Amino acid sequence: MKNTQSFSCSNNSVEHAKYLYLALLAVIFLVEFVLSFGWRVRGDSIFIHYLACLINEHGFVPYRDLFEINMPGTYLFHIAIGKLFGYSDYALRMVNVAWLAATLLVTWFIMKPFGRVTALAACLLFSIIYLGFGPDMSLQRDFITILPIATAILLTIRPKRNHPDNFIHLLLGVLFAFVALIKPYHAIWLPVLIVYNCIQNSNGSVKTLLKLCIVGNIFALFGVLLTLIIPFLWLWKIGSLQAFWDIFSSYTPLYAQISGDLKVRGSGARIVNILYEYSNFKRLGMLATASFFGVYLVLTQSIFVAIKRPLILFFLLLICYELSAGIGGKLWSYHYIPAIYFACLGAAFVLSPFFANVSRPNFLPLLVFIVASVPIVQMAVSQQIFMKWKTPFELSKNIREDEITAYLNTHLSPNDKVQPLSWTGGTLEALLASKAIPATPYIVDLQFYHHVSTPYIQSLRKDFIARLKREPPKFIIDVYANRGISGLDTSYEFHELKMFIKVYYYKDYSGNGFDMFRRNNDQPPKKTGTGPT
């Protein structure tokens with residue numbers, strides 16, 4: 001009797017520790033959530049939202065009037081945001097919160113059958129990590145894809161219902177088509193869900209399984225094609241389908257070969273470099289280890305038939321989306337977010353009540369969860385502290401954005417056009433804030449500086465200069481701060497552009513990491529120098 005009481009007390013202590021740690025995670029989440037309302041939205045979402053503004057408000061045609069490599073689904077997503085909510089930071093923050101809330105809601109229903117504590121842990125852990133990456137992660141394309149993927153998983157692991165399975169396969173195809181319209185390589189794992197669904201209905205017969213898989217994939221493919229045809233009909237209708245194909249076939253393969261520094265060249269060297277880049281995000285490895293521990297607990301306990309397959313599915317998808325992160329040839333923080341999502345689901349499984357009576361020692365699952373989650377939670381908290389107190393880099397970017405915005409708001413007339421020479425550092429945020437109209441399709445100039453010896457990049461440079469000469473913009477914004485690539489076949493020498501600026505423009509303003517050039521045939525202001533006049 002005494003031993004039983006001791007064991008019960010030990011279990012109670014573990015339960016108390018579990019709830020205390022979850023309460024701590026909840027507090028961290030709430031603090032991050034409140035702080036996120038003060039963010040300046042940054043990164044790719046601002047860039048794409050600026051393009052959506054040009055499309056909605058000024059009739060720009062994507063790919064034809066805007067040189068860009070994003071898939072049409074990304075444009076349609078931001079076009080809808082712009083039409084419904086506008087183009088302010090506030091609008092993007094609200095959509096970001098709503099999208100995160102919808103993702104967490106679907107996640108809750110995925111994990112709820114395996115325990116409310118498990119579902120809560122998964123939701124808290126993922127939301128803390130996502131918010132911890134800060135405004136640069138807000139509405140990143142990789143994050144947007146998680147909601148349709150999670151919805152597809154919920155349909156796949158659902159209890160048996162009256163709908164035929166092939167109808168579900170059709171819906172899975174539709175959902176993954178949405179994923180493909182934003183990040184195509186995240187959609188390649190659709191067959192994993194189809195096969196998983198078919199295994200549950202095959203009754204152990206290989207012949208039946210093969211038949212179900214063939215039919216299921218046909219229905220899923222039909223759903224994919226039915227959905228994909230709509231945006232491409234839109235591109236055809238607005239006259240940009242050919243421009244999309246030219247960019248997709250000629251520039252995208254070159255872009256896929258660059259990394260943050262372009263230090264490697266050749267497919268073999270790039271593969272080695274990508275494998276090395278995985279080691280830079282060790283915290284994901286900690287979560288993946290916790291997921292593996294959950295799988296181990298499931299596979300070694302015969303009583304867990306009800307949760308065995310879903311957990312194996314989540315762990316398999318974790319591996320799949322870790323591979324997806326490297327398919328694009330670059331491993332930046334937001335590329336990891338789908339893999340982090342599945343790692344959070346797998347790590348949360350170790351807190352499942354199914355393990356309460358079989359794990360020895362009984363505190364081990366909780367210890368594994370804490371050890372795996374603390375490093376990545378600590379990273380999230382540190383990021384929030386940096387954003388709260390502003391690093392020199394962040395302050396510099398904010399100052400630059402405000403300076404460019406103030407200058408354009410002071411000097412820009414309704415019909416004036418602007419040419420930015422930048423792809424980072426606050427320029428695009430300023431262009432969106434001032435509603436500036438670009439002079440050429442080249443909103444960023446990244447494509448002019450890598451693979452410079454290739455005929456395609458040379459043709460882009462010639463087209464850029466020809467457009468500038470044909471209709472010189474009133475202002476050119478040269479942001480020389482934060483140049484982020486270097487290496488083989490990479491050069492910032494653009495002699496024709498330098499000569500064009502030297503002949504037709506004068507420097508009207510020198511700011512924090514940028515110069516503002518004004519066209520010569522505009523009378524210079526009485527006072528020039530270091531600030532807007």
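A few comments on the model shown:
- Filtering the range 43-66 to residues that are touching a residue at least 40 places away in the same chain (Cβ under 8 Å), more than 23 Å from H186 (Cα to Cα) and either buried (at least 24 other Cβ atoms within 10 Å of the Cβ) or not basic (K, R) (or both) leaves Y50, L51, C53, L54, E57, H58, V61, D65, L66.
- Options A91, A98: the member that is surrounded by fewer than 19 Cβ atoms within 10 Å (Cβ to Cβ) and within 15 Å of A52 (Cβ to Cβ): A91
- Qualifying positions in the range 466-479 - modelled with pLDDT of 90 or more, crowded, with 17+ Cβ neighbours inside 10 Å and among the hydrophobic types (A, V, I, L, M, F, W, C): L468, F475, I476, I477
- Residue within the range 31-39 that is touching a Phe, Trp or Tyr at 6+ places or on another chain (Cβ under 7 Å) and modelled with pLDDT under 90 present: no
- Matching residues, the range 408-435, being crowded, with 19+ Cβ neighbours inside 10 Å and in contact with a strand residue (DSSP E or B) (Cβ under 6 Å, 6 or more places away or on another chain): V418, Q419, P420, L421, S422, G425, T427
- Residue tally, condition open to solvent by less than 50 Å² (accessible area, probe 1.4 Å), in a helix (DSSP H, G or I) and out of contact with any helix residue (DSSP H, G or I) (no Cβ under 8 Å at 6 or more places or on another chain), over the range 182-218: 0
- Residues satisfying the stated conditions in the range 122-134, i.e. open to solvent by 10 Å² or more (accessible area, probe 1.4 Å) and in contact (Cβ under 8 Å) with a residue 24 or more places away in the chain: L124, F133
- Yes/no for D508 being within 23 Å of N409 (Cβ to Cβ), open to solvent by less than 10 Å² (accessible area, probe 1.4 Å) and not in a helix (DSSP H, G or I): yes
- Across the range 61-109, the number of residues qualifying as among the hydroxyl-bearing types (S, T, Y) and over 19 Å from G38 (Cα atoms) comes to 5.
- Top-ranked residue of the range 102-121 - restricted to ones that are buried (at least 22 other Cβ atoms within 10 Å of the Cβ) and under 12 Å from C344 (Cα atoms), ranked as modelled with the highest pLDDT: T107
- Single residue of Y296, Y334 found to be among the aromatic types (F, W, Y), at pLDDT 75 or above and closer than 21 Å to I144 by Cα: Y334
- Selection count where residues are modelled with pLDDT under 90 and either open to solvent by 20 Å² or more (accessible area, probe 1.4 Å) or assigned to a loop (DSSP other than H, G, I, E, B) (or both), scope the range 436-451: 5
The values are calculated or read from the model by the stated rules, or taken from the named source; none is laboratory data. Please read these numbers as outputs of a predicted model, since none were measured by experiment. With ideal geometry, Cβ positions are generated from the backbone for all residues, glycine too; neighbour counts draw on all protein chains shown. Heads up: the accessible areas ignore ligands, DNA and RNA and are worked out on the full protein's heavy atoms, side chains in. Shrake-Rupley method; radii C 1.70, N 1.55, O 1.52, S 1.80 Å.
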